[in-house]
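The values are calculated or read from the model by the stated rules, or taken from the named source; none is laboratory data. What you see is a predicted model, and the numbers here were worked out from it, not measured in a lab. Counting neighbours? That spans all protein chains shown, and the Cβs are built from the backbone with ideal geometry, glycine included.
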Amino acid sequence: MESTTAKAPNLVRPSGAAATATFLSHLRDYVALTKPRIISLLLVTTVATMVVAAPDGLALSTVLWTMLGGYLAAGGAGAINHYLDRERDARMARTRGRPLVAGRIEPLHGLYFGIALGVLAFAQLAITVNLLAAALAMAGLLGYVLVYTMWLKPLTPQNIVIGGAAGAVPPLVGWAAATGGLAWEALYPFAIVFLWTPPHFWALSLLIKDDYARTGVPMLPVVRGDEATRRQIVVYAAVLALFTLVPVATGLFGGVYLVAAAALGAGFLGLAIRLARHPSRAAALRLYLSSLAYLALLFGAMAIDRSL
């Protein structure tokens, strides 16, 4: 005879392992909003500039706090960028899998996350490093979000040229963190990143120009064509290679940096010329990937030279 005792409903509850996997997946999506691969290169330029500014030694705590604040500020800018660009991202093959586009994170949650990171970055840098470093980090965030993403990106093919100043702020943050102020020599690493940004980004835009055309973003290959873009890449690569030698003439760097800058500049310019003379997707991809290594190695050479 069946019991008439009421039974609790048989609710299916996720196992501990499944809940953990869901949490980790959600955490990865939030980390992805911060664009960690881009930030890693920005942190290289920040820390290397700190060594350049204070070659006699830095407190490890200052370096670590600056890296944390730099990550939070750049990550906040990246998350806000995900929110602002979500409609464009949905029409681009490269970005349609991003968390906000795919619906894994609510758009407003992504926006609030980015704003929270920016506020936290300012407070943390102001308390643990100094107010100037905090203000510069915020200038970089606002420049990337307001000047580049919201204003220049949909307006002009020179968007990455002018907007590239926001990406060149991390060396200034590093200098301010190391010394408590800014000197005119801080303009060298800033200008190097500024000049590096157009050829780096235009090499990528050659690879995904159809996506930009589909979304109505007036990137240089879309507006002026591939040939004009390749010429501009060569011009900027040449100017960059020459400019990297200027700090040697002023006495900021010595022989180690000179050799590295000359070799790296010649290699980077050579790849740009090869792309112009023998255009192909492979050549554009090679230049794009090499530009990442170029900047990291150049800033590494700065730090080594000053340390020696």
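Here are the numbers for this structure:
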read-out: Count - residues of region 173-210 that are farther than 16 Å from Ile38 by Cβ and part of a loop (DSSP other than H, G, I, E, B); value: 4
read-out: Given (1) farther than 25 Å from Ala293 by Cβ; (2) touching a residue at least 24 places away in the same chain (Cβ under 8 Å), index of the condition Leu131 fails; value: (2)
read-out: Arg230 more than 20 Å from Ala296 (Cβ to Cβ), out of contact with any Pro (no Cβ under 7 Å at 6 or more places or on another chain) and among the charged types (D, E, K, R); value: no
read-out: Test: Thr149 is in the same structural domain as Ala53 (by TED's automatic domain parsing), touching an Asp or Glu at 6+ places or on another chain (Cβ under 9 Å) and among the polar types (S, T, N, Q); value: yes
read-out: Sole residue being over 16 Å from Ile38 (Cα atoms) and among the β-branched types (Val, Ile, Thr), chosen from Ile105, Ile80; value: Ile105
read-out: Hey, His200 within 29 Å of Asp85 (Cα to Cα), at pLDDT 95 or above and not hydrophobic (A, V, I, L, M, F, W, C) or not; value: yes
read-out: Cross-chain or 6+ apart pairs with Cβ under 8 Å, region 30-45 first and touching a residue at least 24 places away in the same chain (Cβ under 8 Å), then in a helix (DSSP H, G or I) and of a type in the set (S, T, N, Q); value: Lys35/Asn81
read-out: Of the criteria (1) surrounded by fewer than 16 Cβ atoms within 10 Å (Cβ to Cβ); (2) touching an Asp or Glu at 6+ places or on another chain (Cβ under 8 Å), which one Thr95 fails; value: (1)
read-out: Subset of region 133-149 [hydrophobic (A, V, I, L, M, F, W, C) and within 17 Å of the chain's Cα centre (by Cα)]; value: Leu136, Ala137, Met138, Ala139, Leu141, Leu142, Val145, Leu146, Val147
read-out: Unmet requirement for Val223, which otherwise passes all of (1) aliphatic (A, V, I, L, M); (2) touching a residue at least 60 places away in the same chain (Cβ under 8 Å); (3) surrounded by fewer than 20 Cβ atoms within 10 Å (Cβ to Cβ); (4) closer than 30 Å to Gly70 by Cα; value: (4)
read-out: Test: Ala139 is modelled with pLDDT of 95 or more, surrounded by fewer than 21 Cβ atoms within 10 Å (Cβ to Cβ), among the aliphatic types (A, V, I, L, M) and under 22 Å from Leu41 (Cα atoms); value: yes
read-out: Residue ranges of helices (runs of 4 or more DSSP H) in region 29-89 with at least 3 members at pLDDT 95 or above, of a type in the set (A, V, I, L, M, F, W, C) and within 15 Å of Ala137 (Cα to Cα); value: 36-53, 60-84
read-out: Of residues in region 169-207 being touching a Pro at 6+ places or on another chain (Cβ under 9 Å) and under 20 Å from Thr156 (Cβ atoms), the one surrounded by the most Cβ atoms within 10 Å (Cβ to Cβ); value: Trp202
